[in-house]
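*Asks:* Got a structure here, written out as structure tokens. Questions coming.
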Amino acid sequence: MAKDSPDRLKEFRAEIPRADEDFLGSVRDWKNIQIALEEDVIWLKGFTEEQAVSSEIQQLPNLMLYELRDGLLFRPDALVPSKKMRTALLWNPIDKALRLTFPLFNNNFFGIDEKIEVKLKPSEEEHPATALLCSIKEIREAVITLPKFKLEKTDWIVINDQALFIGDPLLSLPGKTFWSKDGHLLPAGYDFEFKNLSSLLQRKYNAGRDQWLLWNGNGSVLSLDKEDFRNLSVSSFRLTEKSQAWT
């Protein structure tokens with residue numbers, strides 16, 4: 001086996017408990033960093049070597065820093081890997097991914113330093129689904145057999161190994177459904193814990209209404225530019241599949 005070159009660029013990963021996500025505000029302006037959310041853990045990548053040893057990183061509580069080598073995670077100076085790095089994570093720039101998951105100041109309480117944490121909860125109301133998130137591997141054969149009139153009423157975007165479809169009527173494919181509220185895409189059966197928070201978040205973070213804010217049930221959110229969506233067709237799907245080389 002060939003040895004690593006001493007000039008090899010190191011690639012880092014880090015994990016921090018979701019409970020400590022507020023502390024990431026100190027590195028939120030490092031736009032080269034991306035994060036991914038996994039249950040109770042936040043993953044980070046994109047560090048430079050200088051950032052990896054910086055005081056900002058070293059002072060983050062409960063953060064575990066690793067070096068990534070051949071898909072394995074090594075603690076600094078360790079010869080044996082600690083674990084294998086997951087590959088099916090949804091990465092997003094830190095400044096976009098964190099801006100809505102951090103607690104927000106409630107400016108309606110003048111003079112009171114009160115925070116509101118954005119949470120979703122099961123809703124008693126039913127809403128028609130307007131978006132569908134699917135594993136491309138699971139639906140690739142079905143998409144190419146759908147009639148043209150169904151495809152042309154649907155817009156779509158690729159998110160790693162998944163496809164998000166928006167249309168009316170919605171395609172009959174296996175996946176996770178969402179409903180639309182004030183420009184948010186919320187998981188079917190869920191709503192904001194505080195219902196009036198919906199329009200407030202849009203005014204603060206999506207005033208131009210040029211994005212879809214795609215929410216997960218755990219309260220994490222992904223910003224998607226509407227201009228990145230395109231009309232669905234068999235040819236566009238096949239071209240994207242070929243360029244992405246999905247397996």
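*Asks:* Quick one: which residues, 5 or more positions from Thr154 or on another chain, have an amide H under 5 Å from its amide H? H modelled 1.01 Å from N in the peptide plane, none for Pro or chain starts.
*Replies:* For Thr154, whose amide H was placed from the backbone, the distant partners under 5 Å are Leu232.
*Asks:* Calculate, in whole percent, how much of the Cα-Cα pair population of the stretch 190-237 lies beyond 11 Å.
*Replies:* On the way: 840 of 1128 pairs.
Value for the stretch 190-237 (Cα pairs over 11 Å): 74 percent.
*Asks:* Here is a follow-up. Determine the per residue accessible area of the chain with all protein chains present and a 1.4 angstrom probe, expressed in square angstrom.
*Replies:* Working: 14470 Å² over 247 residues.
With the other protein chains kept in place, the chain gives 59 Å² per residue.
*Asks:* Assuming R0 = 35 Å, what is the FRET efficiency of Gln51 and Lys176, from their Cβ-Cβ distance, to the nearest 0.05?
*Replies:* FRET efficiency, Gln51 to Lys176: 0.55.
*Asks:* OK, next. Name the residue, out of Glu67, Glu193, Glu126, whose mean-square fluctuation peaks in a Gaussian network model built on the chain with Cα pairs under 10 Å.
*Replies:* Glu126
*Asks:* Which percent of Cα pairs goes in each bin when the distances of the stretch 121-245 are cut into 5 angstrom slices starting at zero?
*Replies:* For the stretch 121-245, the pair-distance distribution reads 2, 10, 20, 23, 18, 13, 8, 4, 1.
*Asks:* To the nearest whole percent, what portion of all C-alpha pairs in the chain is separated by more than 22 angstrom?
*Replies:* Looking at the chain, the distances longer than 22 Å represent 62 percent of pairs.
*Asks:* Further question on the same structure: Taking Cα pairs under 8 Å and at least six residues apart, what relative contact order does the stretch 152-247 come out at, in percent? Before the final figure, lay out each step's value.
*Replies:* Working: 101 pairs, mean separation 26.7, N = 96.
Once divided by the residue count of the stretch 152-247, the mean separation gives 28 percent.
*Asks:* From the cross-link list Lys83/Lys119; Lys10/Lys31; Lys31/Lys121; Lys121/Lys176; Lys148/Lys226; Lys83/Lys121, which pairs have alpha carbons spaced over 25 Å apart? Please list the in-between numbers first.
*Replies:* Working: Lys83/Lys119 31 Å; Lys10/Lys31 18 Å; Lys31/Lys121 31 Å; Lys121/Lys176 16 Å; Lys148/Lys226 22 Å; Lys83/Lys121 33 Å.
Long pairs (Cα-Cα over 25 Å): Lys83/Lys119; Lys31/Lys121; Lys83/Lys121.
*Asks:* What is the distance in Å between the Cα centroid of the stretch 18-86 and that of the stretch 126-188?
*Replies:* 33 Å
*Asks:* With only alpha-carbon atoms in the gyration tensor, what are the semi-axes of the equivalent ellipsoid for the stretch 124-170, in Å, largest first? Can you show the working numbers first?
*Replies:* Working: eigenvalues 74, 45, 18 Å².
Those come to 19, 15, 9 Å.
The values are calculated or read from the model by the stated rules, or taken from the named source; none is laboratory data. What you see is a predicted model; the values in this text were computed from it and never measured. When we count neighbours, we look across all protein chains shown, and the Cβ atoms used for this are built from the backbone with ideal geometry, even at glycine. These area figures cover heavy atoms from the full protein model, side chains too; ligands, DNA and RNA do not enter into them. Shrake-Rupley method; radii C 1.70, N 1.55, O 1.52, S 1.80 Å.
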